[in-house]
Every structure is written in structure tokens, then in C-alpha cells.
1. Rank A:H42, B:H273, A:H349, B:H426 by accessible area, highest first, at a 1.4 Å probe radius?
2. Between B:R363 and B:E278, take the C-beta separation as r, use R0 = 25 Å, and let me know the FRET efficiency to the nearest 0.05.
3. If R₀ is 25 angstrom, what is the calculated FRET efficiency for the pair B:N66 and B:D178, using the beta carbon separation as r and rounding to 0.05?
4. Tell me, which longest segment in chain B has none of the trypsin sites (Lys or Arg not before Pro) that fall in DSSP loops with at most 12 further Cβ atoms within 10 Å?
5. What percentage of the solvent-accessible surface of the stretch A:185-235, computed with a 1.4 Å probe over protein heavy atoms, is contributed by carbon and sulfur atoms?
6. Any idea what the dipole of the stretch B:100-221 comes to, in debye rounded to 20, about its Cα centre with Lys/Arg Cβ at +1 and Asp/Glu Cβ at -1?
7. Based on Cβ point charges of +1 for Lys and Arg and -1 for Asp and Glu, what charge dipole magnitude is obtained for chain A about its Cα centre, in debye rounded to the nearest 20?
8. For the stretch A:347-425, with the dipole built from +1 on Lys and Arg beta-carbon atoms and -1 on Asp and Glu ones, taken about the Cα centre, which of A:G355, A:M396, A:L412 lies farthest toward the positive end?
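The values are calculated or read from the model by the stated rules, or taken from the named source; none is laboratory data. Just so it is clear, the structure is predicted and the values come from calculations on it, not from any experiment. Heads up, the Cβs are rebuilt from the backbone with ideal geometry, glycines too, and the neighbour counts pull from every protein chain shown. The protein model used for the area step is the full one, side chains on, heavy atoms only, and it has no ligands, DNA or RNA in it. Shrake-Rupley method; radii C 1.70, N 1.55, O 1.52, S 1.80 Å.
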Amino acid sequence: MEFKELPPVKEQIMKCVRCGKCRELCPVFGEIGIESAAPRGHVFMVQMLRDGKVEPSPEVYEKLGQCLMCETCSANCPSGIDVHELNAAARAYLNDKNPNRGKDFLFGNFWTKPEMMKQSIKVASLAQRLGLQKLARNIGLTRLLPGDLKDAEKILDNIPPHSARSQLSAYTPAQGESRYRVGYFLGCGTDFLNPEIAQAAVNVLSRNGCEVFIPEGLKCCGLPHIANGKMDVARQLTIHNLKLFEKLNVDYIVTDCGSCSATLSKKNLKFVLEGTSYQEDGAAFAARVMDLTVFLVDVLDIQVDVKIDRKWRVTYHDPCHLVNAQGITEQPRELLRRIPGVELVEMPHAASCCGGSGTYSVTHHQLSMQILDKKMSNAASTGADILATCCPSCIMQLNFGCKRSNWNAEVLHPVVLLNRAYEPAPAAV
Amino acid sequence: MNNADIKKELVKMLGRDKVLIDDLDLMYYSYDSSFLTKLQPVTPTAVVLPASTAEVQKVVRLAYENDVNIIPRGAGTGETGGCVAVEGGIVIDLSRWREIVEIDVNNMQVVVRPGVIHADLNDELAKFNLFFPPDPGSSKMCTIGGMVANNASGLRAVKYWTTEPYVLGLEVVTPTGDVIITGGQQARCIKNVSGLNLTKLMVGSEGVLGIVTQIRLRCFPRPKARGIAMAVFDHLDDAPATVLEVYQAGVLPSGIEILDGSAIKAVNDFKPHINLPEAEAILLFEVDGNPPGVEYEGQIIKEVAGRRARQVEWSTEKKRMAELWEGRSITATAAARVRADGSRIFAGEDISVPISKVADVLRAIRALGEKYGIQVVNYGHIGDGNVHCAPVINPENPEEVELVKKLVDEIHLLAIEMNGSTTGEHGVGAARRGYAVLEHGPAVDYMKKVKAAFDPKGIMNPGKLF
Ligand SMILES: Cc1cc2nc3c(=O)[nH]c(=O)nc-3n(C[C@H](O)[C@H](O)[C@H](O)COP(=O)(O)OP(=O)(O)OC[C@H]3O[C@@H](n4cnc5c(N)ncnc54)[C@H](O)[C@@H]3O)c2cc1C
């Protein structure tokens, strides 16, 4: 579809009254403080692009690329503009006009194939470590990952040796009577960076009467591709995944990753599948997608009847893709409250972004760190010993934040804590 | 110096971080919230982001020596193109300069730099049981500098009035590059009648007389209690009539706001949990003060409003009050939601009329909307006669644009005819300068003389006010 005809471009630009409410909400604007970083500035620039007042140049991409897609502006826009969708549409357009071989390779190949994705992270950091910047530059990696790579790669310090996928079977039966057939959408971040979340999720689901299916050949949800202007690849990935789940005949499709559930939401799939014959399938698929904590609290209404001796002081960080994209704030907290031994303490500005946002912490490292530092000081002010959140990308970033701020807290997904509570308590001495 | 040299010099003076000179960066400074700049954005020659009086002074001196226009800018939430370089020049963006210099608790004063955001200031003051009472709908995004320049007010002007009475003194960089302090160089007093009142002159001068670099504001003790009454009306006329009756009953609420039927729909669409009742109009009365007083006045409002209203809800519950107040503050932009392919425009949006004539005006605006086939959402500070009209159009449809321009013109003329003004708080800027002579007659010449005294070269925010 032609850029001008894309629904967000066609319908939303004109709604912006430039009231500026988004300026003060935007974490990036909060750091940069100039209008080109403000969400209303992005809407303005997309309009300039649409109207041919600026060339679809890499410079324009750079301006729009400052947005970390946290959706805070979209969730709070009185005029109802999905600024991030508009931005994503423009990035795709700009990307088409400025093909970048390295980037095409990365997002068209590496990051569509799970195993390769893991490698890509390593290649980028290895290239830097071996002083092979030139090679990396030639294949377009440094262009994609500017800034201080050496520092940025520290975020990826602890890539676990084994993925979740390699440790979990495609089918896990329910313990006891089966209540639901549940498809588990194993996101890349969980799979490669936080396999313990997947193990905990499958364990908790099974323990609470769910048969769990993890389809073979599952691919990325497509979010990194949308964020990096590779809409065509995102579309292919979505269609591929739709078909996989179609065969399974499950009641629900759950994911522990806020970004995956946001990407697979009805609204986003409508955007991604616009103009294809998969619109209806997408809607039917999205109707079954649910965040894991929502499923555990609202559908299973789980009660955790185990005795725990120890206490956990926990604070919760709202991942942008749950709070802004889906308005989910209560269920993760409720799940935590239901875990015996948990004392939940709210941090100031729990819903403000941590600056992680997938590849952002690497592509815009400095900025991302400034946003992170604010988050960490809010989180640490609670004196919690556990920092819980529902997004592997946030977990990665917050872990790094703990290191940066020398705060000795454990960062984890609530389901991991729940699973820990289930573990048989050591025998009393 | 030509433009290229000026840009180079600016970078040399302030450093690359504080100067924008690339075409792409500059385009973003071609607009504010006005419909005018949505239709006609104008890109400045350069943008500077100073963070000290000395830096501002350097830029102004350079501009003065080279006859280059200078345009002060806050957050760009103004509705009149006031901060846009409509005749070209250097934009001085002060919104990053956010320092609260001092909170003088005993003297109930605060000293701030111009970029401080209104809501942030009040959050800080709350720690000391103080507040700066004017409460614009744009509280969370506009700067104190912008408020001073526009003499902004808002939802609590009924009782607390506008920004002006709170400004005790200013530091100003004049268009010739001098730095002056108004309100007494050393003064910390509240009352002060010494000298010509330049503070008063500067407040509301919309950046045409100088750049405000520091502001000394008077604060009030925070009221201990608050309550909100929502009165729901089946007939629009009953709302303004009730406002008069509440005053006549001896009550001065801290705010009285109106939302008409379409504004109610817009709010409910954006924030369904606020759940305003559908009606021709609702009034929100806010009362503040000590707890028994608030309750007492609340009951009077309930009784008086209840004579005409279908329903009156009185609440002192924090959550509900926050919802209702939020509902009103978001109306300004949520208004667009009444039409799927529409946008509200900020034009003709700020008329001010005698409170006795509000009912006539609301009826007349409704008739004008029908005449032009344009939906107009009405809301605003009815307690002081400041009615906000939000025409909702498709701004990309040239026919609608032409029609709405005529509608807006008629709204402005209506205000003047009704013994009112084209603007109650948003200012004149570039958008309403055409009405200056009609509103002020020969006084406009004297305004120009005052400006010339400050700004002999006419470089300070030209193309505004008159
Ligand atoms: C949704 C919405 C709701 C609003 N509600 C209200 C309301 O209830 N009440 C109200 O009064 N206004 C309201 N406004 C209008 C606007 O927010 C106010 O006028 C505000 O004070 C402008 O502040 P700003 O920082 O955005 O200034 P800008 O728009 O950047 O500038 C406004 C004017 O001030 C001048 N200026 C800015 N800073 C300085 C300085 N330091 N020195 C000298 N001149 C300067 C500029 O040149 C310009 O002429 C609303 C606007 C919006 C978008």
C-alpha cells in the first residue's frame, strides 16, 4: 500500500492539534528537550514526509528513530493519535526508500531465525571485541548499532548458554485434570535471554491444569522489525506464526513478554496485516492472545496455597508494552500479591519507561542509560530486594541498571517468583 | 552578518549543544498549537537553547547589532503563533531552562527560571504547603515563562485570578540587550507601589518587549480542603443562569467550568471511566478552603444548582474529584473525538464576555455553527465568562478550512459586540492581531509607542499583538 494511503498516515496526522501534552510524557524528550524529539514533532515530520516537504532521507529516519516506541504518548493523546504506529509506518517507508544491505540482512535473515538471532548479538559484540569495526561497518552493523558498542554490549553480558526452547518440550501435559489447552508464545527475549521465565511459566501453567503447547518453528513476533522499518518481514513473521497456532486448536495463547502480547494484539495485527487477506485470521488469533499474568489472575484465578517462611520485598516496574499498549497494570501486581511472603511496594513513576525497548539500548545507548538511571533511582528508593516486571527486554535493561547503580536487587518476572514459591520449602531443621 | 555568519557566531557563543541550525531541526520550530501555524508553519533562521541570562543576553546583542528578529519560546503550547518566527529570525527556546532558584517559604515566594513547567512547580511547592494558584488546562506542559508572557489563567481564575497578580518581579533581557529587574532590585516584599509598574507591563506582553529570564512569584498557602459539585442540565440556558444564582447566593467558588453536550461525549470517549452523564451541559463547581467552609458552600451550591439541574453530584472524595477535574482539563484536545475524521482547531477559541451574556453567546455560537455546517464544541471557564469554542473540522479539506475561517471571524466579532474581548487568556499573537484596532481604537498607537521605547529596531517578536 502506498505510504499516503496507510490508515495511520491517512487518518491520524490531521488529528494532531499540537497541544504538546506528549512533550512532558515522552521519556526521550525528557532527556533531549528539543522539539524534534517530541512525539508531536514526530507527527509533524511524518506529515512533512507525506506532503513531500522533506525528502525520505536517512536524516529524517534518524529523527523519527529517536522514538523508543514506548507508546506513552499514544496512550495519553487526547486526540487519540497512535503516534508510534505513525512512526512505524514512516520508518517502513523510509527504509524502503533507503535500502541498507546490512540492516536488510540483519532483520531479513538473522532476526527471523531464532538461532541466528542469538548469533547476531554475539557477532556484533565479537566484532567490536576483536577490533573488527571495519568488518562490522561493512556489513552495516555499526550503522545499525552506533554509539559506544563496547559499553552497549555489556547489557548482553549474560547470555545464557542454553535457550529455553532447547530445554522444553513442544507439549507439556496438565498436572491433574486438564482445564485449558494453552499455546505458549515463546518470545525471543525469553527464549535466549531469560529461559528461566519460560520454564517457570510452563511449570506454573501445567501445575494449574493447563496443557501447554509450544509450536515447533515459532518465530519472532515481529516487533524489532516494525521498530526498524522492516514491515514486510514483520508481516511474513506474523503470518507464519498465525498458521502455526491455527493447527494447535488451543483455547488461549499466552506469553510472558509484554512486547509480544502488544505486537500480537488485535490493534497491532490490524496495522501489520493491513491490505493482506489475513486480516480476519489475525483478529481471531489476537482474540486468544493474553498476557501470562492476566491469564493466571483473570482466567485461572490461581490461589497459591503454599507455606513460605521467607519474605520478599518486591517492587514492580510496568513495561511500556503492557501499561501503555494494553492498559495492563493490575494483574501483574495482583499476581505478586497472591504469592505468599511477598510485600509489594510501589516505586514512584512505576509506569515510566526503563529505556530498554529492545534494540534501543544498543542503538541509542547513551540516551537509554540516562532514562535507565532515572528509573533505577525510583526503583531503588523502595528498598526492595526484588524488582519484578513482565518483559524480558526490561529485565535485561533493569539488570544492567542494577549493576550500574550498584543496587543489589534481583530482577525477575513475577512467574519466576511464583514458581519459586511452589518449590518445596527446605525441610525445617 | 548574513544568516550563515549569524549561525556560525551563535555556535561559537553558545556551543553546538545549544544551537540548532540544520534545516531539518529548524522545521520543528515552525509551529505551536495554533491553527494559524498548522496552516502556515514558518521555519526560523536558527534556534538557541540558552540556560543563563548571560547567554540570552549574548544572543540578543548579536541580534540587535545585526537587525535580526528574536522570538522567545516556551513549550509552544500557545494558540496564537506567538512563539513562531512569523517574520523570520532566531527562536530562543527557554523550555530547557527549568531551574527553581529558590523557594522562600517564610515570604511565600518562589523564584524560577522561565522553562519550569507549571505542574512541576506546584508539585515542588506542595512540599512546603504552598501553591501558585493560576491553573491552565495546559498545566502539565506549559512553562512559567509562557504563562507570564501570556498572562495565562485557567480553571481557577474565578477566585484566584490570572498570573499577573502573582508576579512580584522579573528579570528581563530587553531587546537592546540590557538586563533589568522589575519590581525592585532587592525587593522581597509583597506590596510595592514604587515606580512605574514595569512588571505589570511585561506580564501579558507576549514576548514583544523583552525576554523574561527569571520570575519571582507570590504563592498562597494550600487550601486544606476541596470539593466539587457537578450539576447536570437538560437545557443549555440553565447552566449560565445557575452560575449567576450561585454568586447571588454569596458563594465564590474557586472554579466554575462548563462542558456542553458534545464536550461531554468527547471526554467520555477519551476516558470512559470518568463517565460524565449525557446532558445538554454540565457545570463543575470547585470550592476550596477550610473543611467546614467547603462543606457549607458545597451544600449551598447543591441547593441552588438543584433548582434547575437534573442532578447534582457533590464530592469531596479525592479520586472522583481528580477524575472530574481531569475530564475538564482534557476537553481542550479531546474535543476532536466528536468526529471520526475531525480535528479541533485552536482558532476563535478564547473569547471572553460579560458573565451576564454567556447564555446569549452560547446560543449565538450554536447558531453560527449551524450556519456554517461546522460542529462547535463549547467548554470553558464560564465563571468568568471565558468561553472556549472548539470548531471541529477536517483541516485537510480546503473548503472546510475556508468556512471555518469565516466562522472564527464571526465568533471574534460576536465577542467584541457583546462587550467582550477576542481573547480572555490565550493572547493575541499573530492569529488575532487583526482585531487590535477594533478592540482598542487609538490606544493601539500608544501600545506601539511603548513597544518602540523598549525595542527601537522592532526586532522583538514582530508580527504579533497589533
Ligand atoms: C490543551 C491546552 C490547554 C490550554 N489551557 C489554557 C488555559 O486554561 N489557560 C490559559 O491561559 N492558557 C491555556 N492554554 C494556552 C497556553 O498553554 C498558555 O498560553 C501558556 O501559558 C503558554 O505557555 P508556553 O510555555 O507553551 O508558551 P509558548 O506557546 O511557547 O509562548 C507563548 C508566548 O509567550 C512568549 N514567551 C514564552 N516564553 C517567554 C519568555 N521567557 N519571555 C518572554 N516571552 C516569552 C512567546 O513569545 C509567545 O508569544 C492552553 C493550551 C493548550 C494546548
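1. Values: A:H42 5, B:H273 105, A:H349 130, B:H426 30 Å².
If we order A:H42, B:H273, A:H349, B:H426 from most to least accessible, we get A:H349, B:H273, B:H426, A:H42.
2. 0.80
3. Numbers: r = 17 Å, r/R0 = 0.69.
Rounded to the nearest 0.05, the efficiency is 0.90.
4. Numbers: sites that count: B:K127, B:K191, B:K224, B:R307.
Segment B:308-466 is the longest.
5. Working: 540 of 1170 Å².
Answer for the stretch A:185-235: carbon and sulfur cover 46 percent of the accessible area.
6. The calculated dipole for the stretch B:100-221 is roughly 320 debye.
7. Details: 48 positive and 46 negative charges, 175 e Å.
Charge dipole of chain A: 840 debye, to the nearest 20.
8. About the Cα centre, the residue reaching furthest to the positive side is A:G355.
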